[in-house]
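**Student:** Have a look at this one before I ask anything.
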Amino acid sequence: MRGGVNGRDPLLAAELERYDWSAHRSYLGGAERLPGAVERLASAESAREADAAWSEIDSVALVQGRLSECALPLTSCLIAGLEGAGAEGRRRMTDLLATIAGGHDDHVDIGLVGPVSVRECVRRMTDRLDLFAVDLKAHGNPSCVDVLLMCGVYDASVRDRVSGVFREALALPSCARITDLIEASLADLHE
């Protein structure tokens, strides 16, 4: 993790501070718990720590794929924290981003949890497409496949780039265990 004041990732800290979390609705009312949970996730040194932070974020911002209003700033913060996160935190952050990318923004709870746009969340992921491409190629992370697929689905201008990433990944040993997922995603991209 990048060094900073008190070991905090300065890029992530700056992004977290951009938002008035109490003004963003969530499944637990306000989203004030999210900044601490995101920082704990980014700095997690064990799978147990990462899972605990992930679970807290999931229960506040996302429930069974349904997004709440705080999902948009959460997306930006997760992306900002990816590069400085440890391996366990990074994996779970990518899992959360994949859940957001495949989430629902039109559901019966909208009056309670506020409006959110999956398209806008994915647009923010598309702005950092290379982060997900590098992680996919290096680690064979299936959540990166999901994020990349949704970037290509929502933004036709990056579809060919995503296809190229998928084709390159198919030839890599790091992605051998997820070739079926990559092939299916490549087919979905061009439906």
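The values are calculated or read from the model by the stated rules, or taken from the named source; none is laboratory data. Source: prediction; values computed, not measured. With ideal geometry, Cβ positions are generated from the backbone for all residues, glycine too; neighbour counts draw on all protein chains shown. Please note that ligands, DNA and RNA were not included when accessible areas were found on the heavy atoms of the full protein model with its side chains. Shrake-Rupley method; radii C 1.70, N 1.55, O 1.52, S 1.80 Å.
**Student:** Would you check if residue 136 is under 19 Å from residue 93 (Cβ atoms), among the aliphatic types (A, V, I, L, M) and modelled with pLDDT of 95 or more?
**Tutor:** Criteria met by residue 136.
**Student:** While we're looking at this one, here's another question. Do any helices (runs of 4 or more DSSP H) lying entirely in segment 43-136 carry at least 1 residues that are under 20 Å from residue 157 (Cβ atoms) and open to solvent by 60 Å² or more (accessible area, probe 1.4 Å), and which ones are they?
**Tutor:** Answer list for segment 43-136: 118-126.
**Student:** So, in segment 177-187, exactly how many residues are surrounded by 12 or more Cβ atoms within 10 Å (Cβ to Cβ) and out of contact with any Cys (no Cβ under 7 Å at 6 or more places or on another chain)?
**Tutor:** 7
**Student:** Quick one: in segment 1-15, of everything that is open to solvent by less than 50 Å² (accessible area, probe 1.4 Å), closer than 16 Å to residue 37 by Cα and modelled with pLDDT under 90, which residue is farthest from the chain's Cα centre (by Cα)?
**Tutor:** Here the answer is 7.
**Student:** Which of the residues belonging to segment 20-30 are in contact with a Cys (Cβ under 8 Å, 6 or more places away or on another chain) and either open to solvent by 40 Å² or more (accessible area, probe 1.4 Å) or modelled with pLDDT of 90 or more (or both)?
**Tutor:** Correct list: 21, 24, 25.
**Student:** For residues that are surrounded by fewer than 17 Cβ atoms within 10 Å (Cβ to Cβ) and hydroxyl-bearing (Ser, Thr, Tyr), tally how many sit in segment 137-163.
**Tutor:** Of the residues in segment 137-163, 2 are surrounded by fewer than 17 Cβ atoms within 10 Å (Cβ to Cβ) and hydroxyl-bearing (Ser, Thr, Tyr).
**Student:** All but one of (1) in contact with a helix residue (DSSP H, G or I) (Cβ under 7 Å, 6 or more places away or on another chain); (2) modelled with pLDDT of 95 or more hold for residue 57, so report the exception by its number.
**Tutor:** That leaves (2) as the condition not met.
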